[in-house]
Amino acid sequence: MTRTRSTTVNGRQLRAAMRRGLGSAIVFLQNTGDKQRYRDAVLACCLRDIGYDVQAEGTKGLYLYFAIGALGDEDYFIGPVIDRLLSGRCSDRLEQQLVDLLAAFAKDGNPIAAGALRTRYGQFAGKRRLSRRDCRDCRWEYVALVLLDIDGFAGFRRSVTDMGLYIQRVPSGRDDVDLDCLIPAAKQRFGGQRVSEFLDPTSDVRRTAREQDAVSALAGAMAADEAARQAHRQSQVQPTTADGVHHWARESVANGRRYGSVSHAFRKASDAEKVKLAHAVLSEPDDAVRGWMLRAFWRQPFPLGPGPLLPYLESDDERLRDAAIGVLGVSQDAAVHAAAVRLLQVKGLDSGGLALLEANYRRSDDTVIADAAHRYRRSLPHHIVMDLRDIYGNHRSARALPVLLRAYREGDCGYCRWWVVQAMQHCGVLPDDIVDECQFDSYDGTRRLASRLIARRP
């Protein structure tokens, strides 16, 4: 396979690569002959949030641990990291990043890091009342979660006891703590039966009086919470009729709603209701309302065919234009393909033309895509990286490497980069040195993929 080397040559480029979570930054740090020169650049990344989409890709805590390991100077970093965490002056995402970084140290046997995590846990557990920020960001639960791997089941018992007693003494305590991640993680690590038995106040598990009080308080709070969730789900029934969607769209415009969709619910609508809504979309005089209505067909074929929606690709209303792209992107149609090529040639990558090629790609489009990418002078934004991964993840092309390499290097989202690497593999153009550096990527899925591919080498 073709080999192409990605290098990092100065501090600014190093920080940019680390913000993206690229394994090339770690490889560079491993091989540089002047490691001390880059310590401050790495420390700066440790002490500020360098995540992109933490929900999708996790934090870059372990990735930063790789970077520190490559420099081989733990003592230079661990003190400032601990001081920043224990100061409490962190955003929620930075706190998670620092916790994950210290957790990596602790799991590798560093007692100072483990002690710092327990101290941070104690800062929350010892509060008479959690702050609004602590509650909103679930900071206490996050530290408790990582301590499961360090302190084992004893750590779980401690967390349940402390949180249960907090609920008992604070009237609104159930709203202050959230165990929706902690309990499933404990079940996965220690076994569902063991965890469930400990959380059941009527079981014969041996507990101290303090633990029994906490488990009883927690059980009652969790039952009330589940009842509230059930009631909320029943009150959030989305429309599955054309009239219901039309009413929802008008309300969305009137209320200034920014996000939302009823496409999942509307999939259950009858064919007659879908046709009725399609006619209503075309006859609606207000483009803003029309845009919300059309989103009901997101990633679904439009019942009246793609033709009536093509003019909306040129609409001045951004929501209507994006909704039309979202619907037409799944329609295999010569007119849609022609529109995609025209948009890319005239308006470039930001036009939405790439999304229209997902179901309409032809190998002749490689030249159009490459030319549009050549004219795009900024780093590729998230939506363009996603479009490229979807096109070449579903269609093979031996000419896809240049644009996929650019998406790999310039994309900010580690989760999408994993898909880009898979698209390279799918097209048969994945370079060996990219696989090698992916062993140190910030996203765990990319690291696992690289390990499997390297294991298969002759």
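Listed values, structure above:
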item: Number of the condition not met by residue 441 [criteria: (1) charged (D, E, K, R); (2) surrounded by 24 or more Cβ atoms within 10 Å (Cβ to Cβ); (3) in a helix (DSSP H, G or I)]; result: (3)
item: Sole exception among (1) without any contact (Cβ under 8 Å) to a residue 60 or more places away in the chain; (2) surrounded by fewer than 18 Cβ atoms within 10 Å (Cβ to Cβ); (3) assigned to a helix (DSSP H, G or I) for residue 385, by number; result: (2)
item: Condition broken by residue 42, with the remaining ones in (1) in a helix (DSSP H, G or I); (2) more than 24 Å from the chain's Cα centre (by Cα) satisfied; result: (2)
item: Subset tally (residues that are over 19 Å from residue 111 (Cα atoms) and in contact with an Asp or Glu (Cβ under 6 Å, 6 or more places away or on another chain)) for segment 23-82; result: 5
item: Neighbours by Cβ (under 7 Å, 6+ apart or cross-chain): first from segment 422-434, touching a residue at least 40 places away in the same chain (Cβ under 8 Å) and crowded, with 17+ Cβ neighbours inside 10 Å; second of a type in the set (Gly, Ala, Ser) and not in a helix (DSSP H, G or I); result: 429/398; 429/400
item: Elements of type helices (runs of 4 or more DSSP H) in segment 88-177, at least 3 residues being of a type in the set (A, V, I, L, M); result: 92-107, 111-125, 139-169
item: Selection within segment 261-295 - surrounded by fewer than 12 Cβ atoms within 10 Å (Cβ to Cβ), of a type outside the set (Ser, Thr, Tyr) and either farther than 21 Å from residue 318 by Cβ or at pLDDT below 95 (or both); result: 264, 268, 271, 272
item: Residue, surrounded by the most Cβ atoms within 10 Å (Cβ to Cβ), within segment 129-172, restricted to residues that are of a type in the set (Lys, Arg) and at pLDDT 85 or above; result: 139
item: Members of segment 9-43 found to be over 23 Å from residue 57 (Cα atoms) and small (Gly, Ala, Ser), listed by number; result: 11, 33
item: Pair list, Cβ under 6 Å, 6 or more apart: segment 255-282 residue closer than 14 Å to residue 323 by Cβ and touching a residue at least 60 places away in the same chain (Cβ under 8 Å), other residue of a type in the set (Ser, Thr, Tyr) and in a helix (DSSP H, G or I); result: none
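The values are calculated or read from the model by the stated rules, or taken from the named source; none is laboratory data. Just so you know, these numbers come straight off a predicted model, no measurement behind them. Using ideal geometry, Cβ is built from the backbone for each residue, glycine included, and neighbour counts are taken over all protein chains shown.
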